[in-house]
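Below you'll find the structure, written out as structure tokens, and then a few comments.
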Amino acid sequence: MKLVVVSAGLSSPSSTRLLADRLAAATLRHVDAETEVIELRDLATEIAQHFVTGFPPARLAGALDAVAAADGLIAVTPVFAASYSGLFKSFFDIIDKDALTGKPVLVGATGGTARHSLVTEHALRPLFTYLRALVVPTAVYAASEDWGEEGLAGRIARAGVELARFLEPVGRDAVPDVDTAAAIAPRSPTGAITSVHAAAGFEVVPFEQRLAALRAE
């Protein structure tokens, strides 16, 4: 199993890469996977060349192939002008239109102020939904003041569990550990996410049966 991490941070070190690393570590605590990190700042020139020539240089082609072949993806960007960075968007603009179809993706962003916290919902989630990726429920935004706070650590842990669960779904008879159960709702016997685990005595009542009961009243 392979997990690919895409970081669009521009500095070294960067808070964007730090968040990407922490999200990867949180995921790997729950699933065994090989990890590859792609630093987009190292590919900026190649990305621009691809737009002009229509052909990716070797390093960029390798990065695109890695994303397409990944079982799961973590994508993190800094916030510029209330949205994802141009470098981040440019990279995903040149990915094959079918490369992310059905692929689990965890999105994250970093910024200087909490005012940009909704960027994950109004920019990142729509982008990956358009690419037909399976975006996990929890997206993580980290403002400068968030680092070292319990709230950020909790969001990172929750997001990591969610991505791990999509990478390696829990079987019908398996009961998640306490940390997992607290972080993400379990799945019903049909595979849908629900608020009660089947092993705890949860009974799935078909919709038709519920409807018939209402008509009989």
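The values are calculated or read from the model by the stated rules, or taken from the named source; none is laboratory data. The shown structure was predicted, so the numbers you read here are calculated from the model rather than taken from an experiment. Please note: Cβ atoms are built from the backbone with ideal geometry, for glycine as well, and neighbour counts cover all protein chains shown. In case anyone asks, the SASA skips ligands and DNA or RNA and just uses the protein heavy atoms, side chains included. Shrake-Rupley method; radii C 1.70, N 1.55, O 1.52, S 1.80 Å.
When the stretch 52-85 is examined, which residues are found to be part of a strand (DSSP E or B) and over 21 Å from residue 108 (Cα atoms)?
Filtering the stretch 52-85 down to residues part of a strand (DSSP E or B) leaves 72-80, 83-84.
Listed by number, the list is empty, since nothing qualifies.
Need pairs with beta-carbon distance below 7 Å; first residue within 16 Å of residue 56 (Cβ to Cβ) and hydroxyl-bearing (Ser, Thr, Tyr) and within the stretch 79-99, second open to solvent by less than 30 Å² (accessible area, probe 1.4 Å) and part of a helix (DSSP H, G or I); sequence gap 6+ or separate chains. Short answer, once both residue conditions are applied: 90/47.
Only residues that are on the phi < 0 side of the Ramachandran plot and surrounded by fewer than 20 Cβ atoms within 10 Å (Cβ to Cβ) were counted across the stretch 90-122, and they come to 17.
Summed over the stretch 132-156, residues that are open to solvent by 40 Å² or more (accessible area, probe 1.4 Å) and in contact (Cβ under 8 Å) with a residue 60 or more places away in the chain total 2. Note on the stretch 72-86: residues that are open to solvent by 10 Å² or more (accessible area, probe 1.4 Å), hydrophobic (A, V, I, L, M, F, W, C) and in contact with a strand residue (DSSP E or B) (Cβ under 7 Å, 6 or more places away or on another chain) amount to 1.
Of the residues making up the stretch 10-27, those that are within 11 Å of residue 78 (Cα to Cα) and not hydrophobic (A, V, I, L, M, F, W, C) are 11, 14, 15, 16, 17. If the condition is being open to solvent by 60 Å² or more (accessible area, probe 1.4 Å) and either in contact with a Ser or Thr (Cβ under 8 Å, 6 or more places away or on another chain) or not hydroxyl-bearing (Ser, Thr, Tyr) (or both), then the stretch 37-71 contributes 41, 42, 49, 51, 52, 55, 58, 59, 65, 69, 71. Here is a check on your reading of the model: is residue 137 assigned to a loop (DSSP other than H, G, I, E, B) and modelled with pLDDT of 90 or more? Yes. Once the stretch 1-21 is narrowed to residues that are modelled with pLDDT under 95 and open to solvent by 60 Å² or more (accessible area, probe 1.4 Å), the residue that is nearest to residue 157 (Cα to Cα) is 1. Just one of the listed residues (164, 142) is assigned to a strand (DSSP E or B), modelled with pLDDT of 50 or more and in contact with a strand residue (DSSP E or B) (Cβ under 9 Å, 6 or more places away or on another chain), and it is 142. Can we say residue 129 is exposed (fewer than 15 other Cβ atoms within 10 Å of the Cβ) and more than 19 Å from residue 162 (Cβ to Cβ)? For residue 129, the condition - exposed (fewer than 15 other Cβ atoms within 10 Å of the Cβ) and more than 19 Å from residue 162 (Cβ to Cβ) - is not met. Taking every residue in the stretch 1-22 that is charged (D, E, K, R) and pairing it with any residue that is crowded, with 24+ Cβ neighbours inside 10 Å and in a strand (DSSP E or B), at least 6 positions away or on another chain, the pairs with Cβ-Cβ distances below 7 Å are 17/7.
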